[in-house]
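Have a look at the structure below, then the notes.
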Amino acid sequence: MSAAPLLAVRDLVVHYPMARGIVGTVGRKEERVVRAVDGVSLTVASGELVALVGESGCGKTTTAHAVMRMLVPRSGSVEISGRDIAPLSERALRPLRREAQIVFQDPYESLDPRYRVRDTVTEPLVIHGMGNKEERTERVRLALEHAGLSPAELFLDRYPHELSGGQRQRVAIASALVLEPKLLVADEPVSMLDVSVRAGILDLLDGLRRTGLGILMITHDLSTAAHYADRILVMYLGRIVEEGPARAVVNDPQHPYTRALISVVPRRDPNDKHREQILQGETPNPVDIPDGCRFHPRCPIGDESCLAVDPQLMGEGAHRAACIKL
Amino acid sequence: MSAAPVLEVQDLHVWFDLGHGRELNAVQGASLTLARGERMGLVGESGCGKTTLSLALMGLLPPNASVAGHVLLDGVDILAGGEDSLRPHRWRDIAMVFQGAMNAFNPVKRIGSQIVEAMELHDVASGRAAQARCGELLELVGIRAERANRFPHEFSGGMRQRAAIAMALSCQPRVLLADEPTTALDVMVQAQILQLLTRLSDELGLAIILVTHDLPVVAQTCQTAAVMYAGRVAELGPTVALYDAPRHPYTRMLFAATPDLTGTAGVASIPGAPPRLDRPLVACPFAPRCDSVFGTCRERRPPLLTVGEGHLAACHLAGSVA
């Protein structure tokens, strides 16, 4: 790409220190860290929907929080429209916050129950000091209609408890859109919603992408990612182990972890009796990441050589995997 | 099905007293039958009554709930005498694994002692015998017997869920109700638990009702499925028949709203929302959201009729819907 991508994350590392307790601190117990994100690089272009998928604890939400600068990374850079936000102070960051907005997983908890829809969606404008009263009202109305709550007049004066789950999530999306961001981070945007309304929310995100918004969607649901994303990034223990065009990753997975993961995703068709490759045990603790390839203790094709190298993403073109056995 | 059913639910009603003379009719005449060793998926949106129905089978509804209808266990109506006739069967014949069961263990007691306690409480076994049986149960669900003396926090989420299944099986039930047993788990661990449930029903002849909102899980695990809508069974039958030739538009639209990993067809949400259950329903409850609605749908509620081999549907169009 010639121009700087909308979002460029490079070698992002986020470690959480573990509590040692007073005895541990006084006794100079060795300081241990959770290596939640351990060297992640990714890009999102304008008009692109990128899905970051993985199991719980793989670091996908931590990555999203680092992109939003909700936490300060240990190292690495997060560039939005070419400007690195990682080292900026809160004050210098504030104008840039408008460019990237986040939608959280649970619309039952992310909306203030005492705020009317109007107040929830107006608040970001007030915080950023945008527009006068009339302009704000107009922007809020537009954002609600963009988010599929139309006519907006029907929803402006309602409280969250008067809305369905899908409508609540649309309010959350509207309050992200009201600042006209260039990048939207959606952290499991439909996992709390009923199947019958999920497609509506995902179609909304898909439509926003078509108008030029870049979207980073965090999800554990590979079927959703396969349907809606342009590209899929698969995370395992703090690292991206495979990335590529969504269809390529799903139909022709390369990394042994992706292959196993894809094989166990339940299919909608009961006639589909494909063979599942069930990995035993569970993902190791991100405190004790295995040496060499972090997947080797559970890998069906690994051998001693995998202990020696910590593989980087390899391959030609857009579809790449971090495995030396390919 | 040829074999005598182990569980029959006939015209089950459950309503909650909301106070001030208001009632919520959570289950409005649900019927289903379950054979030995059968795995049935009970699916539907939030609020369709699937969990309420399971709790009614266990007799574990809150005090403001009332129940009517018949629940036959090997032909004997266990609801007929209220709590007194139900109590001897709870856990011993029908057991349940609750949603989030893995987080329901007492954190300061060892896993094994909690399973032993369940057996002693129901006079299944005690002392050494109970401990030996506890070891067998843990091995059955894929946990080494010596881990019985571990505390819950020493187990991962998947292992705690296995232990919860072991505990539900401790009184050798014939029917296991599993309410969203894998919802909080990762897909790989989910596959392990579903494999375990499948093995248990194949090897022990355990009949399982898998309560879930996740259609693909049912498609891959269960031979039959019951789709619930607004407190009733909308369609029931072999999972393959429900997928290949659904007779109720709701079933068809529910499948169409579910993204498939390798499918290329678009995904369509179902417009509207389920009806309120605190007022009487006279018409087909799905009519306002249905894409095949016609005059009769707004006048009468369709009965659940047989439309094929072990296949029932409650739709005025069931005879002609392709």
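Observations on the model:
- Per-selection metrics, segment B:1-44 (Cα): Rg and Dmax in Å: 14.7, 48
- Here A:Lys29 is the anchor, and the aspartates and glutamates within straight C-alpha reach of less than 17 Å, apart from those fewer than 8 places off in the same chain, are A:Asp288.
- Each label point was placed 7 Å from the Cα along the Cα-to-Cβ direction; for A:Arg32 and B:Leu60 their separation is 3.5 nm.
- Diffusion constant of segment B:155-232 at 25 °C, which comes from Stokes-Einstein with the Kirkwood Cα-pair radius and 0.890 mPa s, µm²/s: 186
- Of A:Leu125, A:Gly292, A:Met314, farthest towards positive along the dipole that unit charges on Lys, Arg, Asp, Glu beta carbons give chain A: A:Leu125
- One quarter of the surface of the convex hull around the alpha-carbon atoms of segment A:174-326 equals 11.3 nm², the direction-averaged projected area.
- Segment B:142-195, accessible area per residue, ligands and nucleic acids excluded (1.4 Å, Å²): 34
- Reciprocal mean inverse distance between Cα atoms of the protein assembly as shown - Kirkwood radius, Å: 26.9
- The radius of gyration of the Cα set in chain B, together with its Dmax, comes out at 20.3, 67 angstrom.
- Note on segment A:50-110 and segment B:290-322: Cα centroid distance 50 Å, given to the nearest whole angstrom.
- Per residue, in Å², the accessible surface of chain A once ligands and nucleic acids are set aside, probe 1.4 Å: 45
- Cβ-defined net charge surrounding B:Ala101, 15 Å radius [Lys, Arg +1; Asp, Glu -1]: 0
- Counting Cβ atoms of other protein chains within 10 Å of each residue's Cβ and taking the mean over peptide B:187-199 gives 5.
- Cβ-Cβ FRET estimate between B:Glu23 and A:Glu145, R0 fixed at 51 Å, reported to 0.05: 0.85
- Summing Lys and Arg as +1 and Asp and Glu as -1 over all other residues whose Cβ lies under 15 Å from the Cβ of A:Ala321 gives a net charge of +1.
- FRET efficiency estimate (nearest 0.05) - Cβ-Cβ, A:Arg91 to B:Thr306, R0 51 angstrom: 0.10
- All Cα-Cα separations within segment B:33-141 were binned at 5 Å from zero, giving a P(r) of 2, 9, 15, 19, 19, 17, 12, 5, 1, each value a whole percent of the pairs.
- Computed lengthening from B:Ala4 to B:Glu120, 0.36 nm per intervening residue step minus Cα-Cα distance: 38.6 nm
- Burial ranking of peptide ranges B:271-277, B:137-143 (average Cβ count within 10 Å, highest at the top): B:137-143, B:271-277
- Interface A:B - total buried accessible surface [probe 1.4 Å, Å², rounded to 100]: 3500
- When DSSP beta bridges are restricted to pairs lying wholly in the protein assembly as shown, around 60% turn out antiparallel.
- Build a GNM of chain A with springs between Cα atoms under 10 Å apart, and of A:Pro245, A:Pro266, A:Pro297 the one that fluctuates most is A:Pro266.
- Its residue count N sets the reference 2.2 N^0.38 Å, and the alpha-carbon radius of gyration of chain A equals 1.07 times that reference.
- Charge sum, other residues only, whose C-beta stays under 15 Å from B:His20's C-beta, Lys/Arg counted +1 and Asp/Glu -1: -1
- The apolar share of the surface of chain B, taken as the fraction of accessible area on carbon and sulfur atoms (1.4 Å probe, ligands and nucleic acids excluded), comes to 53 percent.
- Each Cα pair under 8 Å and six or more residues apart adds its sequence gap; the mean of these over the residue count of segment B:84-170 is a relative contact order of 39 percent.
The values are calculated or read from the model by the stated rules, or taken from the named source; none is laboratory data. These figures come from a predicted structure and were not determined experimentally. Positions of Cβ are generated from backbone atoms using ideal geometry, with glycine treated the same way; all protein chains shown enter the neighbour counts. Ligands, DNA and RNA are stripped out before the accessible areas are found, and what is left, the full protein with its side chains, is counted by its heavy atoms. Shrake-Rupley method; radii C 1.70, N 1.55, O 1.52, S 1.80 Å.
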